[in-house]
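Presented below is the structure to which this report refers.
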Amino acid sequence: FLFAFVISRTGIGGKKFFSAMATLPIISPPFSLTLSIILLFGNNGLITKRILALEGFSIYGLGGLTLVQTMGMFPIAFLTMIGVLEAIDSTLEDAAMNLRATKWETFRTVTFPLAVPGLLSAWLLVFTNSLADFANPLILAGSFRVLSVESYMEVTGMNRLGHGAALSLLLLLPTLSAFLVQRYWVSRKSYVTVTGKPSGRMTDLVSPGLKKVLVALMCLIVLFLLSLYGTIIAGCFVKNWGIDYSFSLENIREAFERGWSVLLDTLTLAGAATPIAGLLAMITALVLARKKFPGKRLLDMLILTPFALPGTLVGISYILAFNKAPLILVGTGAIIVISYVIRELPVGVEAGIASLKQIDPAIEEAAADLGADTPTVFRTIVLPLIRPAFISSLSYTFVRSMTAVSAVIFLISAKWYHLTVLIYNFSENLRFGLASVLASTLIVIVLLTFGLLRLLVRKNENLAKTMSL
């Protein structure tokens, strides 16, 4: 909240930089923050062992897991709160200050109460994602037992699929309940205060002295975050982290030697799922936004349900559903592609519906009146107009497929493996150098994907401006 508040309600410089840093963990592969925390604060960590020489200190357990989840879930809360705070009409704050309210009184009686629904929504989102988190506790939980990890151990370690499914179902009630409550808060939109046009001017609610303190705190958070990612990069070039810090390229050579085929598998699976999920999302969005039929609300809810399901439950469900005739998919790449498509479909559908609401249906009706059938209207009219949403859906599906772990770890086979699972295996075997190389590779792929997305969206916007002139 403080991070979003300073960016939205003060005149500090570098807002784009701070916003980019705040959202960095959301595009990072799983295990990346956990890996860097271990490299810095683990049993042979750079800070705990090399610099401070601490004895008996352990980052494994509830404390370390809380730290990693706080950093990993930070972007979710930030993006939710920045949207809420920017939606608050600053004229309300101006009116309070014109009535001689102090900046603190204005914040306490106007800004904060209007932001409370968004704050609760952010809390529920973080709560849901923390409950369903699998990657971080898998490595860092230590003796602290987590349901998502326990269900995985029951399936893979004890070979008790039923026990694993039962433990996963225990996660379903709190995560689904929190998801439904969060959807209720969002649908109420009680934080929307704009009854006319907003002033467009930001009201500065922070005194110069407090602003310096808050900016300094933000800088410390950013520096800590950058140090975590810097540690991963450094781990690629260290011979044996924790023992021998001499420069070496051996990790890079061995990582690609052992992980190249797995990287190709991951790219192939993500590449297959991306266009399927993108097109299916746009078609579904068109049906939900333009058609009226019985069960429409139920279909909308079912499409969004994968957001509320823990990944471990999804993975076990696929094993139970597709390991018997007539449809045996366990061990194939198809089951992984299906899991990607269904898991990431909600984001594309929501983006498509939002774009379609901005388009006059009369355009499609005119094309239909000229004799175009529904597929032609979709291909020649709708899809070009919602191109940004389509590109966003493609990008999101590809990135999330590349960095998936909670469901896919149950579905991999000797023929179809996944890079995130290989990173986990290297980390478990204390091969942190190899894990750092593969994690860095995933980060580069994700950043390149988002860079390409920005170029495509910008090109589309420029084309739209040219056509309007």
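The values are calculated or read from the model by the stated rules, or taken from the named source; none is laboratory data. Everything quoted here is computed from the prediction, not taken from an experiment. Virtual Cβ from ideal backbone geometry, glycine too; neighbours counted across all protein chains shown.
Just one of the numbered conditions (1) buried (at least 21 other Cβ atoms within 10 Å of the Cβ); (2) modelled with pLDDT under 80 is not true of GLY72: (2).
Just one of SER395, SER436 is of a type in the set (Ser, Thr, Tyr) and touching a Leu at 6+ places or on another chain (Cβ under 6 Å); which is it? Among SER395, SER436, only SER395 is of a type in the set (Ser, Thr, Tyr) and touching a Leu at 6+ places or on another chain (Cβ under 6 Å).
For (1) under 23 Å from THR34 (Cα atoms); (2) in the same structural domain as LEU422 (by TED's automatic domain parsing), each residue gets a yes or a no:
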site: TRP241; (1), (2): yes, no
site: ALA270; (1), (2): no, yes
site: PRO275; (1), (2): no, yes
site: ALA285; (1), (2): no, yes
site: LEU288; (1), (2): no, yes
site: ALA308; (1), (2): no, yes
site: LEU313; (1), (2): yes, yes
site: LYS324; (1), (2): no, yes
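Can you say whether ALA435 is within 30 Å of VAL155 (Cβ to Cβ), crowded, with 23+ Cβ neighbours inside 10 Å and within 17 Å of the chain's Cα centre (by Cα), as far as the supplied structure shows? Taking the combined requirement at face value, the residue does not satisfy it. Criterion applied to LEU225, LEU205 was being assigned to a helix (DSSP H, G or I) and either closer than 15 Å to ALA435 by Cα or of a type outside the set (Val, Ile, Thr) (or both), and the one residue passing it is LEU225. The set of residues in segment 309-335 that are among the β-branched types (Val, Ile, Thr), within 19 Å of the chain's Cα centre (by Cα) and crowded, with 22+ Cβ neighbours inside 10 Å contains only THR312.
Only one of the numbered conditions (1) among the hydrophobic types (A, V, I, L, M, F, W, C); (2) at pLDDT below 90; (3) under 27 Å from LEU167 (Cα atoms) is violated by ILE336, and that is (2). Would you please name the residue that is nearest to LEU62 (Cα to Cα), looking only at residues in segment 1-38 that are among the polar types (S, T, N, Q) and in contact (Cβ under 8 Å) with a residue 60 or more places away in the chain? Step by step, filter segment 1-38, then rank; the result is THR34. Kindly indicate whether ILE391 is modelled with pLDDT of 80 or more and surrounded by fewer than 24 Cβ atoms within 10 Å (Cβ to Cβ). So ILE391 passes the test.
Each row is one residue, and each column tells you yes or no for (1) closer than 30 Å to VAL206 by Cβ; (2) without any contact (Cβ under 8 Å) to a residue 12 or more places away in the chain.
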residue: ALA95; (1), (2): yes, yes
residue: THR102; (1), (2): yes, yes
residue: LEU119; (1), (2): yes, no
residue: ALA141; (1), (2): no, no
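Counting only helices (runs of 4 or more DSSP H) wholly contained in segment 81-149, the ones carrying 3 or more residues that are modelled with pLDDT under 80, outside the structural domain of ASN429 (by TED's automatic domain parsing) and not aliphatic (A, V, I, L, M) occupy 90-98, 112-132. Candidates LEU329, LEU309: the one that is in contact with a helix residue (DSSP H, G or I) (Cβ under 6 Å, 6 or more places away or on another chain), over 20 Å from LYS357 (Cα atoms), part of a loop (DSSP other than H, G, I, E, B) and of a type outside the set (S, T, N, Q) is LEU329.
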